[in-house]
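Colleague: Structure provided below as C-alpha cells; questions to follow.
The values are calculated or read from the model by the stated rules, or taken from the named source; none is laboratory data. Bear in mind the structure is a predicted one, so any value in this text is a computation, not a measurement. Cβ placement follows ideal geometry from the backbone for every residue including glycine, while neighbour counts extend to all protein chains displayed.
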Amino acid sequence: MVQVDGHGATASLIQVRGLDKKYKRGSEEIHVLQGLNLDVDQGEFVAFMGPSGSGKTTLLNLLGGLDVPSAGSIVVSGDEITHMSRGKLTEWRARHVGFIFQMYNLIPVLTAYQNVELPLLLTKLSGAERRKHVETALGLVGLADRMRHYPRQLSGGQEQRVAIARAVVSDPTFLLCDEPTGDLDRKSADEIMALIERLVREYRKTVLMVTHDPVVAQRADTTLHLEKGALVEAGQRRRVPAGGVA
Amino acid sequence: MKFRGLIFANLFRKKVRFLLTIGSFALALLLFTFLAVVKSAFSRGTEIAGADRLIVVSRIGLMQLMPISYRDKILAIPGVKAVTHNHWFGGVYQDEKNFFPQFVIDPEYQRRVMTELVVPDDQWNNFLKDRQGAIAGARTAERFHWKIGDRIPIRTTLYGGSSWQFNLDGIYHSERAGGDESQFWLQWKYFDENAPDAVKSTAGWYVVKLDSPDDAVRVAKAIDEKFANSSFETKTETESAFAAYFVKQFGNIELLILTIGSVVFFTLLLVTGNTMAISVRERTSELAVLKAIGFSGRAVLFFVLAESVIIALFGGFLGLVLAYLAIPVIGLALTGLLPPLILSKSLLTLGLGFALFVGGVSGLLPGIGAMRLRVVNALRRV
C-alpha cells in the first residue's frame, strides 16, 4: 500500500515524514520538496511523475541516501537514514539500495560479468559464491550468454539489463530507477519494464521509479505526481498476481 | 585481491596514455638514478675512506711539494703506525682523453698503509725488483686491455714532456666495494732519478696509517705542529675530509645534482599527477556510480592511489632496468672524466622507493578529489 498523507502504517517498508529539501542557486533559495510524506510497503511498484525540476530525482536521491534532506525523516526497514554518517550511509546503500540509472552507468572497461559483480566485491562472499550470484542475476535478465561482453558490445536495452542485474545481484531491500527507459526505443523500453515488473511480481521487489513517460508509469502499481514539492496520488492499478492477466 | 580486475581495467583503459606516462616516468627515473650514481661516485671517496688514515699536504696547496725527509719525522710521532708518500705523475697514455691517475708511490710502505688495495705477493715482489715496474688498478688494466708484462709508455706533461717506459708487473684490486681501481703506481726511486732537480727528494702528499682512529685529531695536530714555522708547513686531515675537499675542487657537485634531481622530481610529480587528474576527471560518473552502489570514499581513494602507484612501479622498474643497462655504457664513455659509476643495490632500492613515493604523492590530490566527490553532483554532470 502506498500513502502520501503521512498516516501510513508504522510497519511500512519506507516511511517519509515532512521531507524538505532546499537548494541555494546563487542568492536564490529553491524549495524543491516541502513537507513531503510517503509510505511504501514491500513489493510495491511506485512511479513518480512530474515536470522537469519538480524534484523527482531529488526525491529519489534522498530515498537512496545519496543526498541529505533539509528537514524531515526517512525510515527504511526501521533504519532512520537521515541522520546517518556518510560512512554508515554508504554501508546502508550497499545493503539496501539497488540503483538503475537512465544512462545505465556501466563501467565501460569491465565486462557485463564484472559490472554485475561490483556490488558483491563489498561483501564477504567468496569468489565462487560471487560467481553463482552474478550468473543468477545475469540469467534473470536474460544475458547469461553475454557475460564476457563489454558494454560497447551490447545494445542499449542489453546494457540496461546488465544495470538491472547489477542492481539486484546483492538482493537489496528496494530498487530506485531514474528514468530507466529514458534512453531506449519503445521495444527495448517495454522489455525493460517487463523485467522490472517481473522483479516486483515474482521476487516481491519494491521499486520506486521516476519517469516522464505516462506509458511507462502505467506499468507501476501506483503513480504519484510531484506538485509544488509534495506528492499527489494520480492513480492506482490493480495488483495482478504472477502469471495473471492485466 | 578482489579489486585487482577493476584497478587494472582502469589502468589500461587508455593504453597510449598509459604507455606515455610509463615512458616519461622511466626516463625521469633513469635520469634520477644517473644523478644519484654520479653523486655517489663523487662522495664514494668520503664514504670508503679509511677511518684510521690521515692525509698530509702542504699548507699552501695540493700542488706544493714537501721534503721526502718528512716521512721519518712523521713516523716518529706516537700513534703513527706507518707512512707512505705519493706524487702526482700527471702523464698521458697515448691520448689525453685516456686519463687515469698515476701515482708515484713508496713501495716500502704502500701496502702497509693502503691495505685494502691488494696486489698478489708474486706480482708485488716482481714490482719491487723492477725499477721500471708499475702496478695498475684492475679497472684501468681492463680498460686498456693490459696484461702483466706489457710495456706501457707514458708521456709526462709535468716533467719535460718525454715518454717514460714502464713494465706492468701487477694488477691490484680493491677489497672495498666501490674502491678506486683506476690508479697506476710507479716506483718513487725510478721517478726520483729521472725527475727534474726541483722535484727530486720530494713528496706530493703523505698518507699516514694510525694505530687507532681515536688518535686522528691528536696525531694530525702533532704533525702540523711539528712542521709549523718551517719552509714547508703542513695541513693534516682525515682521509674522508681530504676526499670531501678534493670533490669540492670540482665545484658544488651535490648542490648541482640536488637541483637537477629536484627538477626531475617535481616534473615527474606534475606529469603523473596530471595523468591521474585527467583520468579521474574522465570517469567522474563512474566513480560516482561506485560510490552510489556502496563503495566508500576511502575505497575510491585507494583505487586512484593504487593506479598511480602501479604506474610508478611499472615506470620505475623500466627506468631502473634502463639505468642498469645504460650506466655501465655511460660510465665507460666518461672514464677519466668522472669517478667510476656504480649502480649499487642501495641505489636501485632508493630509485624504487623514489618511484613509489612519487606515485603515491601524485595520486593523492586526484584521489582525495575522487574521495570527496558528491555522488549527486557527479551524476548530474552525466
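Quick grid of which residues meet (1) within 38 Å of the chain's Cα centre (by Cα); (2) within 14 Å of chain A (Cβ to nearest Cβ); (3) crowded, with 23+ Cβ neighbours inside 10 Å:
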residue: B:MET276; (1), (2), (3): yes, no, yes
residue: B:LEU290; (1), (2), (3): no, yes, yes
residue: B:ARG298; (1), (2), (3): no, yes, no
residue: B:VAL304; (1), (2), (3): yes, no, yes
residue: B:SER308; (1), (2), (3): yes, no, yes
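Colleague: Continuing with the same structure: Which one is nearest to the other protein chains (Cβ to nearest Cβ) among residues in the stretch A:53-93 that are in a loop (DSSP other than H, G, I, E, B) and farther than 25 Å from A:VAL232 by Cβ?
Modeller: The extreme case among them is A:SER85.
Colleague: Helices (runs of 4 or more DSSP H) wholly in the stretch A:151-237 with at least 2 residues that are under 16 Å from the mean Cα position of the chain (by Cα) and charged (D, E, K, R) - which ones?
Modeller: Hits in the stretch A:151-237: A:156-168, A:186-203.
Colleague: Which of the residues that make up the stretch B:116-134 are touching a residue at least 12 places away in the same chain (Cβ under 8 Å) and farther than 19 Å from B:GLU193 by Cβ?
Modeller: B:GLU116, B:LEU117, B:VAL118, B:VAL119, B:PRO120, B:GLN123, B:TRP124, B:ASN126 - these are the residues of the stretch B:116-134 that are touching a residue at least 12 places away in the same chain (Cβ under 8 Å) and farther than 19 Å from B:GLU193 by Cβ.
Colleague: Tell me, yes or no, whether the stretch A:101-121 has at least one residue that is in a strand (DSSP E or B) and crowded, with 17+ Cβ neighbours inside 10 Å.
Modeller: No, the conditions are met nowhere in the stretch A:101-121.
Colleague: Follow-up question, since we're still on this one. Among the residues of the stretch B:209-216, is any crowded, with 17+ Cβ neighbours inside 10 Å, in a strand (DSSP E or B), charged (D, E, K, R) and assigned by TED's automatic domain parsing to the domain that holds B:ALA82?
Modeller: For the stretch B:209-216, residues crowded, with 17+ Cβ neighbours inside 10 Å, in a strand (DSSP E or B), charged (D, E, K, R) and assigned by TED's automatic domain parsing to the domain that holds B:ALA82: present.
Colleague: If you don't mind, another one. With respect to A:ILE100, is the statement that it is touching a residue at least 60 places away in the same chain (Cβ under 8 Å), under 25 Å from A:GLN34 (Cα atoms), more than 9 Å from chain B (Cβ to nearest Cβ) and not small (Gly, Ala, Ser) true?
Modeller: When the stated conditions are applied, A:ILE100 does not pass them.
Colleague: Here's something else I'd like to know. Over 24 Å from B:LEU301 (Cα atoms) and in contact with a helix residue (DSSP H, G or I) (Cβ under 7 Å, 6 or more places away or on another chain): which single residue out of B:ALA76, B:ALA82, B:ALA41 fits that description?
Modeller: B:ALA82
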